[in-house]
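First the structure, in the form of structure tokens, and then the observations on it.
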Amino acid sequence: MAQKIRIFDRRLHLPKSKPVRIGLGTMLVGGGLLGFLPVLGFWMIPLGLLVLSVDLPAVRHWRRQLTLWWDRHKDEKQTGQNGTD
């Protein structure tokens, strides 16, 4: 079964092979560190970390914490806009 990652409302399929996923994630992070160059960009770092989070528990934990923070922050903004504090 192929691994999937979800970015906002889109689901992206990842390669089935664990070494290929780790290599892809590492290359994205490495390319993102060179984001000051014309073709590469800093946007590659979070994408690489997202790919690595499928296989590496430490990165997965960080991603889950970020997701929980994002949901809480979004909920706080919505209740503040509705005036139902």
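The values are calculated or read from the model by the stated rules, or taken from the named source; none is laboratory data. Quantities reported herein were computed from a predicted structural model and do not represent experimental measurements. Glycine gets a Cβ as well: all are built from the backbone with ideal geometry, and neighbour counts include every protein chain shown.
For region 13-30, which residues satisfy the criterion of being at pLDDT below 90 and surrounded by 13 or more Cβ atoms within 10 Å (Cβ to Cβ)?
Within region 13-30, 14, 15 qualify.
Only one of 79, 67 is surrounded by 10 or more Cβ atoms within 10 Å (Cβ to Cβ), assigned to a helix (DSSP H, G or I) and out of contact with any Asp or Glu (no Cβ under 9 Å at 6 or more places or on another chain); which?
Exactly one residue qualifies, and that residue is 67.
Out of the residues in region 31-58 that are loosely packed, with under 12 Cβ neighbours inside 10 Å and farther than 20 Å from residue 6 by Cα, which is modelled with the highest pLDDT?
Checking each candidate, the answer is 36.
Within the set of pairs 6+ apart or on separate chains, which have a first residue in region 4-33 that is within 14 Å of residue 53 (Cα to Cα) and free of Cβ contacts under 8 Å to residues at least 40 places away in the same chain, a second that is surrounded by 11 or more Cβ atoms within 10 Å (Cβ to Cβ) and of a type in the set (Asp, Glu), and C-beta atoms under 6 Å apart?
Close Cβ pairs (under 6 Å, with a partner that is surrounded by 11 or more Cβ atoms within 10 Å (Cβ to Cβ) and of a type in the set (Asp, Glu)) amount to 18/55; 21/55; 22/55.
Look through region 1-55, keep the residues that are part of a helix (DSSP H, G or I) and β-branched (Val, Ile, Thr), and return whichever of them is farthest from residue 70 (Cα to Cα). Before you say what the answer is, go through the steps one by one.
Of region 1-55, the ones part of a helix (DSSP H, G or I) are 18-33, 44-52.
Adding the requirement that they be β-branched (Val, Ile, Thr) leaves 20, 22, 26, 29, 45, 51.
Numbers: 20: 29, 22: 25, 26: 25, 29: 22, 45: 18, 51: 19 Å.
Among those that are part of a helix (DSSP H, G or I) and β-branched (Val, Ile, Thr), it is 20.
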